[in-house]
Amino acid sequence: MVKKIRKKLYEQCEAELLRLKQECLDGLEGIKESLNSTIAGDPGDMSQAIEERHTATVKKDKFERQLREIEAALRRIEDGTYGICEETGEDIEEKRLLAIPWTRFSVEGAESRERASRQYAST
């Protein structure tokens, strides 16, 4: 019964991941022109063009990071490791997977990683 429920959850998450992947690909396509535009004109135009290119670069980086996470989650679905926390080895909570379908950590695992990160940073 539990495996059947998790399978349905994973199918739902996979559909959402595929939707989000397409959204990222569309976003990358949408900013392509801003990234490749020529910076020319008077100083005001150039300033605006530089700002637009910077904004597009930030968006591009965000889309690419998100796309890598989504693709990694889709690979985990394929290889049967999806939904298992990389920190604790336990099942990731259903609500967490629905909210963040690319997540690799349960709440407990994410908190553990965060504590370790803060401890490492303070030393």
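The values are calculated or read from the model by the stated rules, or taken from the named source; none is laboratory data. Computed from a predicted model, the values in this text were never measured in an experiment. Here the Cβ is made from the backbone with ideal geometry for all residues, glycine too, and neighbour counts use every protein chain on show. These accessible areas exclude ligands, DNA and RNA; they are computed on the full protein's heavy atoms, side chains included. Shrake-Rupley method; radii C 1.70, N 1.55, O 1.52, S 1.80 Å.
Toward the positive end of the charge dipole of the chain, about the Cα centre and with charges on Cβ (Lys, Arg +1; Asp, Glu -1), which of Gln22, Leu74, Cys85 goes farthest?
Cys85
Quick check: at a probe of 1.4 Å, how many percent of the accessible area of the chain sits on carbon and sulfur atoms?
Working: 4530 of 8800 Å².
So the carbon and sulfur contribution to the accessible surface is 52 percent.
Accessible area, 1.4 Å probe, largest first: how do Leu67, Leu35 sort?
On the way: Leu67 20, Leu35 45 Å².
Largest to smallest exposure gives the sequence Leu35, Leu67.
Using modelled backbone amide H atoms (1.01 Å from N, in-plane), which distant-in-sequence or interchain residues come within less than 5 Å of Ser106's amide H?
Cys85, Glu86, Glu87, Thr88
In square angstrom, what is the accessible area per residue of the chain with a 1.4 angstrom probe? Walk me through the numbers before you get to the answer.
On the way: 8800 Å² over 123 residues.
Dividing the accessible area of the chain by its residue count gives 72 Å².
Take the Cα of Glu90, step 7 Å along the line toward its Cβ, and report every residue of segment 106-123 whose backbone nitrogen sits under 18 Å from that point.
So the set is 106-116.
When ranked by the protection proxy of mean other Cβ atoms within 10 Å per residue, highest first, what sequence do the peptides 36-46, 18-28 form?
Working: 36-46: 9.5, 18-28: 14.5.
Highest to lowest by the protection proxy: 18-28, 36-46.
Please report how far the C-alpha centroid of segment 107-123 lies from that of segment 1-64, rounded to the nearest whole angstrom.
29
Label points 7 Å out from Cα along the Cβ direction at Gln119 and Asn36: separation in nm?
Taking the simple label geometry, Gln119 and Asn36 are separated by 5.0 nm.
When the helix-only estimate is applied to the chain (DSSP H runs of n ≥ 4, each -39,500 (n - 2.57), divided by the residue count), what is the mean residue ellipticity at 222 nm, nearest 500 deg cm²/dmol?
Helix contribution divided over all residues of the chain: -27000 deg cm²/dmol.
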